[in-house]
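Report on the structure given below.
The values are calculated or read from the model by the stated rules, or taken from the named source; none is laboratory data. Everything numeric here is computed off the predicted structure, so don't read it as measured data. Ideal geometry is used to build each Cβ from the backbone, glycine not excepted, and the neighbour counts take in all protein chains shown. Heavy atoms of the whole protein, side chains included, go into the accessibility calculation; ligands, DNA and RNA do not. Shrake-Rupley method; radii C 1.70, N 1.55, O 1.52, S 1.80 Å.
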Amino acid sequence: MTEGNSAEDRLKREQEIAVYLERHPEFFENHQDLLDKLRLQHKVYGSVSLVERQILGLRDKAEKLQTQLNTLIENAHSNGDLLNKCAELFVAMISSHSTQEMVDRLLEHLRDNFELDNVQLWLFDDAGTLHHVNYSDIEMVRQLTDQHFIQNDPICGRVTESISQLFGGDHELESYSIIPLGENSRVGVIALGSKDVDLFTADMGTLFLRLIGDVTEACLDKQES
């Protein structure tokens, strides 16, 4: 019982000291001799003074902030490149004089400018006559991808045996993205395939993919009208 009370008393005193120091941050300025005697354990440098520990802590924070800044800069550069590529793609599509020309430019830009290994356009139109386009019904795509596009967002992930059928059975592909065209993919889908397993991941952002889908849908509707 005595030991337990002693531990509780010690914990209480430590809390009181901590509160006091927090309220009086100038305490060690008035007790420099005490500050010099304090030693703290550090995982890398062993026993260090309180000031040295603070300096090391600030250095660690600075390194982490620098790493975060570098990541932000890299992402900004990457997003800038993607934005430029999307702009070039959209200008080429919008300036097309026919649906066939628009489709050809879409597929060409996605393959070449975005460095994709396999690009397929699937349209759900029984009377379709466009070249370089796959025609089917939405149920077939849903079965192959096990997706219903309820949220109308692009999906990304690893290529499976079933999904490879959207790419003509290309078994060299490792990752893919499927971009719905229209509400619940009423118009069709764009299938993007890559041999890079990390190019399309399930947790990646899809803003640019959605933009490509929206512009493609608008161009198809414009040509039909």
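Accessible surface for Met102 stands near 0 Å², nearest 10, in the context of the full protein assembly shown (1.4 Å probe).
Accessible surface comparison of Asp137, Asp33, probe 1.4 Å, protein chains only, largest first: the order is Asp33, Asp137.
At a 1.4 Å probe radius, carbon and sulfur cover how many percent of the accessible area of the stretch 97-219?
Values: 2810 of 6140 Å².
The value for the stretch 97-219 is 46 percent carbon and sulfur by accessible area.
At the residue level, Phe114 shows approximately 40 square angstrom of accessible surface with a 1.4 angstrom probe and all protein chains present.
A cut-off under 14 angstrom between Cβ atoms defines the neighbours of Lys85, and their net charge, with Lys, Arg +1 and Asp, Glu -1, is -3. In units of the compact-protein estimate 2.2 N^0.38 Å, the stretch 126-225 shows a Cα radius of gyration of 1.05.
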